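The values are calculated or read from the model by the stated rules, or taken from the named source; none is laboratory data. Note that the coordinates shown come from a computational prediction; the quantities given were computed from them, not determined experimentally. Because the Cβ atoms are built from the backbone with ideal geometry, glycine has one as well, and the counts that use them run over all protein chains shown.
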């Protein structure tokens, strides 16, 4: 049985005269946490966006292998199908959370499930259970501006999990946080992903964050230059 949840082969992507990806191969195993590191302009964020189906590569392929069902050639899907896949089967956590400030914490988390067709009452109940599990019980009705940076990121983490995504992408999820809050957010992120048998791919500049992951990949000039299991 193939243990990979995501496989990329010969990925290339060019922006103007800049080659962000230069023929990259990568396999992400089910249940692992992978940190992607590299200097600004190395291609790490482009890699994450291509793996997640946000950006289409110029050439190469990305295959998603869900736990149930057939493998999906992500790079063979149109924009509408990729959007649906991201909405229903993948989770995302970004540096600034990208939460909707007009909504409460529980509404932010429930929204993705509601878009996928879950009844509002059921979506809110499920969202509240995730917020509670991540230490935000009693804060369900607070708007994002009423939460600390770490609390807001835990809302974003809950949102990423609410639809049952088996693969979560995180782009600098602790980049705007102090070291103590960063540690707490990584605790929450790892518990809610690999701690539940899911898979995490995180782009980070922070060596401490990378050390918490099971594998670290270094990217330079659009290529993977090293891949090491974290001790």
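How many residues does segment 169-190 hold that are in a helix (DSSP H, G or I) and in contact (Cβ under 8 Å) with a residue 24 or more places away in the chain?
Of segment 169-190, the ones in a helix (DSSP H, G or I) are 179-190.
Adding the requirement that they be in contact (Cβ under 8 Å) with a residue 24 or more places away in the chain leaves 179, 181-186, 188-190.
Going through segment 169-190 one residue at a time, the tally reaches 10.
Which one is modelled with the highest pLDDT, of the residues in segment 217-231 that are part of a strand (DSSP E or B) and more than 11 Å from residue 37 (Cα to Cα)? Step through it out loud before you land on a result.
We begin by selecting, within segment 217-231, every residue part of a strand (DSSP E or B); these are 217-220, 223-229.
Add one more test, that the residue is more than 11 Å from residue 37 (Cα to Cα), and what stays is 223, 228-229.
Numbers: 223: 93, 228: 90, 229: 89.
Ranking the candidates gives 223 first.
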#### Entry: Search result, residues across segment 191-204 that are under 19 Å from residue 165 (Cα atoms) and outside any helix (DSSP H, G or I)
193, 197, 198, 199, 200, 201, 202, 203
### Query
Looking at segment 182-191, is at least one residue modelled with pLDDT of 90 or more, under 14 Å from residue 92 (Cα atoms) and surrounded by fewer than 22 Cβ atoms within 10 Å (Cβ to Cβ)?
yes
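Let's see how each residue does on (1) buried (at least 18 other Cβ atoms within 10 Å of the Cβ); (2) at pLDDT below 90:
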site: 112; (1), (2): yes, yes
site: 117; (1), (2): no, yes
site: 124; (1), (2): yes, no
site: 159; (1), (2): yes, yes
site: 167; (1), (2): yes, no
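Name the strands (runs of 3 or more DSSP E) wholly inside segment 1-80 in which the number of residues that are within 21 Å of residue 212 (Cα to Cα) is 1 or more. Spell out the reasoning first.
Details: elements: 4-15, 18-29, 33-37, 59-64.
Ranges flagged: 4-15, 18-29, 33-37.
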### Query
Condition test on residue 147, is it within 25 Å of residue 126 (Cβ to Cβ), more than 14 Å from the chain's Cα centre (by Cα), surrounded by 15 or more Cβ atoms within 10 Å (Cβ to Cβ) and touching a residue at least 40 places away in the same chain (Cβ under 8 Å)?
yes
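Just to verify a result, which residue in segment 205-216, among those that are outside any loop (DSSP other than H, G, I, E, B) and at pLDDT below 95, is surrounded by the most Cβ atoms within 10 Å (Cβ to Cβ)?
Taking segment 205-216 and keeping what is outside any loop (DSSP other than H, G, I, E, B), we get 207-211, 215-216.
In the following step, the residues that additionally are at pLDDT below 95 were identified as 207-211.
Details: 207: 10, 208: 12, 209: 24, 210: 22, 211: 12.
So the residue we want is 209.
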### Task
List the number of the failed condition for residue 102; all other conditions in (1) within 23 Å of residue 176 (Cβ to Cβ); (2) in a strand (DSSP E or B); (3) over 20 Å from the mean Cα position of the chain (by Cα) hold.
(2)
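Please verify whether segment 99-108 includes one or more residues that are without any contact (Cβ under 8 Å) to a residue 12 or more places away in the chain, in contact with a helix residue (DSSP H, G or I) (Cβ under 7 Å, 6 or more places away or on another chain) and either at positive phi or surrounded by fewer than 19 Cβ atoms within 10 Å (Cβ to Cβ) (or both). If you could, list the steps in order and put the result at the bottom.
Applying the first criterion (without any contact (Cβ under 8 Å) to a residue 12 or more places away in the chain) to segment 99-108 yields none.
Scanning segment 99-108 turns up no residue that is without any contact (Cβ under 8 Å) to a residue 12 or more places away in the chain, in contact with a helix residue (DSSP H, G or I) (Cβ under 7 Å, 6 or more places away or on another chain) and either at positive phi or surrounded by fewer than 19 Cβ atoms within 10 Å (Cβ to Cβ) (or both).
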### Pair list, Cβ under 9 Å, 6 or more apart: segment 1-24 residue free of Cβ contacts under 8 Å to residues at least 40 places away in the same chain and at negative phi, other residue in a strand (DSSP E or B) and surrounded by 13 or more Cβ atoms within 10 Å (Cβ to Cβ)
3/27; 3/29
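Residue 67 - would you say it is surrounded by 20 or more Cβ atoms within 10 Å (Cβ to Cβ), within 24 Å of residue 48 (Cα to Cα) and at pLDDT below 90? I'd like the intermediate steps shown before the answer.
Values: surrounded by 20 or more Cβ atoms within 10 Å (Cβ to Cβ): no; within 24 Å of residue 48 (Cα to Cα): yes; at pLDDT below 90: yes.
Criteria not met by residue 67.
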### Query
Looking at segment 85-94, is at least one residue touching a residue at least 40 places away in the same chain (Cβ under 8 Å) and either in a loop (DSSP other than H, G, I, E, B) or surrounded by fewer than 16 Cβ atoms within 10 Å (Cβ to Cβ) (or both)?
yes
## Note on the structure
All-but-one check, residue 226 against (1) surrounded by fewer than 16 Cβ atoms within 10 Å (Cβ to Cβ); (2) more than 23 Å from residue 3 (Cα to Cα); (3) in contact with a strand residue (DSSP E or B) (Cβ under 9 Å, 6 or more places away or on another chain), failing number (2)
